[in-house]
């Protein structure tokens with residue numbers, strides 16, 4: 001019993017210590033962001049590796065999620081004779097929920113894990129230490145540009161995911177199942193609000209981008225500098241990011257749509 | 001006045017004492033070696049001098065400044081005048097050899113690219129790798145990576161360089177090249193060099209002064225000749241690489257005979 005309490009205490013202390021370190025790390029990154037505007041090329045380079053290289057998985061997944069949504073939505077709506085509303089159903093579910101959430105999960109798997117592995121390996125090969133000894137702050141030079149890139153890329157990827165998803169649903173709904181294209185697009189336009197729906201999705205994706213990139217960079221920076229340590233940190237990035245995305249999605253949804 | 005003055009240095013990792021009351025003076029313009037068996041905290045000492053770790057007690061002064069009392073920006077200013085060569089080279093793997101050497105110049109100076117090019121080529125020429133400038137770090141051998149790292153470490157014309165195990169894992173030719181380079185750089189650039197190593201022959205060849213570290217204390221110090229003549233058995237064992245002596249061959253524990261008579265451990 002004492003053993004159990006002791007290990008629980010140790011786990012608790014360890015967790016809070018890591019949380020504290022994570023927040024100090026974030027403060028350090030945020031302090032480095034103003035300096036990035038003078039050297040924006042560093043950020044652009046990272047937007048390429050974090051964002052552009054994630055495009056393929058986002059495009060393909062978005063297309064298939066949209067197509068499935070088109071099929072499923074049609075089958076349900078047709079029972080009520082409301083198949084003309086397929087466009088609304090698809091756009092609202094994508095823009096409000098699936099776009100930000102699924103693209104953030106994919107982003108954590110593709111870009112987040114790569115960031116953790118990259119930073120973890122830089123640490124284990126003493127590149128970060130080497131920079132410090134050259135009087136270059138690695139958090140400002142290496143970490144902050146990647147954080148900024150994640151923050152910029154995530155909302156764009158979520159928007160692309162939703163757009164491609166809607167096209168996928170249209171291809172299935174109109175091309176395969178015969179939903180009128182006029183009804184599909186006009187109902188979507190009439191019922192999808194810029195502020196209530198699209199902006200809320202954008203806010204979610206910005207928050208997810210912030211959290212996933214933070215977790216990925218912190219895990220890399222905090223990794224034990226061995227191959228096993230980096231491997232574990234990469235796994236933790238994906239798992240913690242998934243928890244954070246789904247948990248925050250509920251909180252954000254409750255905050256933004258709770259009073260409707 | 002020595003360039004580096006270490007007084008009563010204490011440093012602990014958890015409960016384990018790495019240093020307990022170490023005093024070291026590193027003279028200007030000289031090559032000083034810090035030697036000792038693996039795991040005696042030689043690399044830790046370099047990290048303490050560079051301000052990457054904080055001592056639990058004692059002071060480290062570099063060029064008259066107490067490293068651990070400096071503000072962050074002053075510490076970074078001091079580091080611009082300190083070069084460090086890591087055991088792995090610590091080259092930035094996403095940059096070419098040329099860009100690695102140019103890195104500190106681009107970060108800390110506003111020199112035009114044409115001048116940076118001249119400086120980089122000069123430094124690479126000095127280590128014999130001017131024609132390897134377009135290679136990526138992954139394409140270099142261990143010895144070449146260390147030479148590139150050396151060119152990078154001297155890019156800002158520092159007052160001193162710290163070498164962390166520069167000879168470990170090198171073939172005889174690159175070992176000879178590195179020994180020669182460290183010696184030449186020190187004299188040609190008027191540097192002060194600190195070499196951390198356990199390669200006795202190579203280090204004794206270039207060192208003006210040697211400190212022997214073991215069990216968190218300085219066991220002996222002096223010129224290579226003085227150390228070779230030392231009456232201490234420990235120093236003789238270390239300098240001559242004898243397998244048994246004051247540092248036993250066997251890891252401490254019960255006698256072999258006792259162990260053989262205890263079959264129940266595996267029952």
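Observations
- Based on Cα contacts under 8 Å between residues 6+ apart, chain B shows a relative contact order of 24 percent.
- Averaging the sequence gap over all C-alpha pairs within less than 8 Å and six or more residues apart, then dividing by the number of residues, gives the range B:98-157 a relative contact order of 49 percent.
- Dividing the Cα radius of gyration of the range B:98-157 by 2.2 N^0.38 Å, with N the residue count, gives 1.02.
- With the helix formula -39500 (n - 2.57) applied to DSSP H stretches of n ≥ 4, chain B reaches a computed 222 nm mean residue ellipticity of -10500 deg cm²/dmol.
- Cα-based Rg and Dmax for the range B:146-187, where Dmax is the largest Cα-Cα distance (Å): 10.3, 29
- Look at the alpha carbon pairs under 8 Å that are at least 6 residues apart: their mean separation over the length of chain A gives a relative contact order of 32 percent.
- A quarter of the convex hull surface defined by the alpha-carbon atoms of chain B gives 18.2 nm² as the mean projection.
- Modelled spin labels at residue A:71 and residue B:257, positioned 7 Å past Cα toward Cβ, are 8.0 nm from each other.
- Just checking the listed ones, B:215, B:14, B:245: in the Gaussian network model of chain B with Cα springs under 10 Å, the one fluctuating most is B:14.
- Secondary structure note: in the protein assembly as shown, about 55% of the DSSP beta bridges are antiparallel.
- Build a GNM of chain B with springs between Cα atoms under 10 Å apart, and of B:84, B:239, B:115 the one that fluctuates most is B:115.
- Dmax and Rg, reported as Rg then Dmax, of the protein assembly as shown (C-alpha, Å): 29.9, 101
- Helix A:181-191 and the longest principal axis of the C-alpha atoms of chain A enclose an angle of approximately 60°.
- Principal-axis tilt of helix B:97-108 within chain B, Cα atoms, nearest 10 degrees: 80 degrees
- For the range A:1-89, the share of alpha carbon pairs falling in successive 5 Å distance bins from zero is 3, 10, 8, 8, 8, 8, 9, 10, 12, 11, 9, 3, 0 percent.
- Rounded if a/c under 1.5, otherwise prolate or oblate - the range B:132-267, Cα gyration tensor axes: oblate
- Computed over chain A with a Gaussian network model linking Cα atoms closer than 10 Å, the most mobile of A:118, A:132, A:17 is A:17.
- Compared with the dominant Cα axis of chain A, that is its longest principal axis, helix A:55-77 is turned about 40°.
- Each 10 Å bin, from zero up to the one with the longest distance, holds this percent of the alpha carbon pairs of the range A:136-234: 14, 28, 24, 17, 12, 5, 0.
- For A:213, B:43, order by how many other beta-carbon atoms lie within 10 Å, fewest first: B:43, A:213
- Size descriptors for chain A: radius of gyration and Dmax over Cα atoms are 21.3, 70 Å.
- The calculated Kirkwood hydrodynamic radius for the range A:58-100 is 10.5 Å, given to one decimal from all distinct C-alpha pairs.
Quick note: the coordinates plus some simple rules give every number you see, no bench work behind them. Just so you know, these numbers come straight off a predicted model, no measurement behind them. Every residue, glycine among them, receives a Cβ derived from its backbone with ideal geometry; neighbour counts consider all protein chains shown.
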